[in-house]
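Working notes, structure below.
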Amino acid sequence: MKVLLQLVKHASVTIDGEKVASINHGFLLFTGFKEGDNEETCHKMAEKISKLRIFPDENGKTNKSIFDVGGNVLSVSQFTLYANCSEGNRPSFVNAMRPERSKPLFALFNNMLREKFPNLETGVFGADMKVELLNDGPFTLVLDSDELFGGKR
């Protein structure tokens, strides 16, 4: 599982000209799954995200959590995080989990996040989404379950 986390001043998702989700100040999460990801992977990632201290304190140090600053969370599915561009010029997506398996995991992950962030906003899995954001910093992290949790997921 990979999550590209961006600190944002605001972010929104529009589908067919209709805004379906929006947040102010907080995290925009682009979330992708690979084969082998499961409920435990989602749980560990949700825990990690909720405990990150990446907002500046009064001294400008990344010391505050999203709860400390009253931030919001927008979660968007993003299978292209598992693109492989090592051969040729056209990305391969064979490493991404198939939609029929990743859709329920994305829903599960969002339910876990919603327990921590009751005002969680989400995109629509598989939709042609237009994501608009104002990156804050810019501050962007790549959270990779293999790197964070090793083979133990």
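Below 8 Å between Cα atoms, with a sequence gap of 6+, how large is the relative contact order for the stretch 1-129 in percent? Mind showing how you got there, number by number?
Values: 226 pairs, mean separation 36.9, N = 129.
Computed value for the stretch 1-129: 29 percent relative contact order.
All alpha carbon pair distances within the chain were sorted into 5 Å bins beginning at 0; the resulting P(r) in whole percents reads 2, 9, 18, 22, 21, 16, 8, 3, 1, 0.
Bridgeable lysines around LYS61 (alpha carbons under 28 Å apart, same-chain partners fewer than 8 residues away excluded): LYS2, LYS9, LYS44, LYS48, LYS51, LYS116. For a straight C-alpha distance cut-off of 15 angstrom, the aspartates and glutamates reachable from LYS130 (same-chain residues fewer than eight places away being disregarded) are ASP16, GLU18, GLU121.
For the chain, leaving out every one of the chymotrypsin sites (Phe, Trp or Tyr not before Pro) that falls in a DSSP loop and has at most 16 other Cβ atoms within 10 Å, the longest unbroken run is 1-66. For the stretch 2-153, carbon and sulfur atoms together expose 47% of the accessible surface, with a 1.4 angstrom probe and every protein chain in place.
DSSP loop GluC sites (Glu not before Pro) in the stretch 17-125 with at most 13 other Cβ atoms within 10 Å of their Cβ, which ones?
Numbers: sites: GLU18, GLU35, GLU39, GLU40, GLU47, GLU58, GLU87, GLU100, GLU115, GLU121; in loops: GLU35, GLU58, GLU87.
Here the GluC sites (Glu not before Pro) that fit, given the DSSP loop and packing criteria, are GLU35, GLU58, GLU87.
Over the chain, DSSP H runs of length four or greater, each weighted -39,500 (n - 2.57), average out per residue to a 222 nm ellipticity of -7500 deg cm²/dmol.
Arrange the residues LYS103, LYS34, LYS2 by how much accessible surface each exposes, largest first, with a 1.4 angstrom probe. Could you put the intermediate results ahead of the total?
Details: LYS103 115, LYS34 25, LYS2 50 Å².
Result, largest first: LYS103, LYS2, LYS34.
Residues in the stretch 1-63 average 46 Å² of solvent-accessible surface per residue, probe 1.4 Å, ligands and nucleic acids excluded.
Just how large is the dipole of the chain about the Cα centre, in debye to the nearest 20, putting +1 at every Lys and Arg Cβ and -1 at every Asp and Glu Cβ?
In total the dipole reaches around 180 debye.
Ligands, DNA and RNA are left out, and with a 1.4 angstrom probe the accessible area of the stretch 99-153 is 62 Å² per residue. So how tilted is helix 99-116 from the main axis of the chain? Cα-based, degrees 0 to 90, rounded to 10. Compared with the principal axis, the helix lies near 20 degrees.
The values are calculated or read from the model by the stated rules, or taken from the named source; none is laboratory data. Predicted, not measured: the structure shown is a model, and the values here were computed from it. In this analysis, Cβ positions are derived from the backbone assuming ideal geometry, glycine residues included, and neighbour counts consider all displayed protein chains. What goes into the accessible areas is simple: the full protein's heavy atoms, side chains included, and nothing from ligands, DNA or RNA. Shrake-Rupley method; radii C 1.70, N 1.55, O 1.52, S 1.80 Å.
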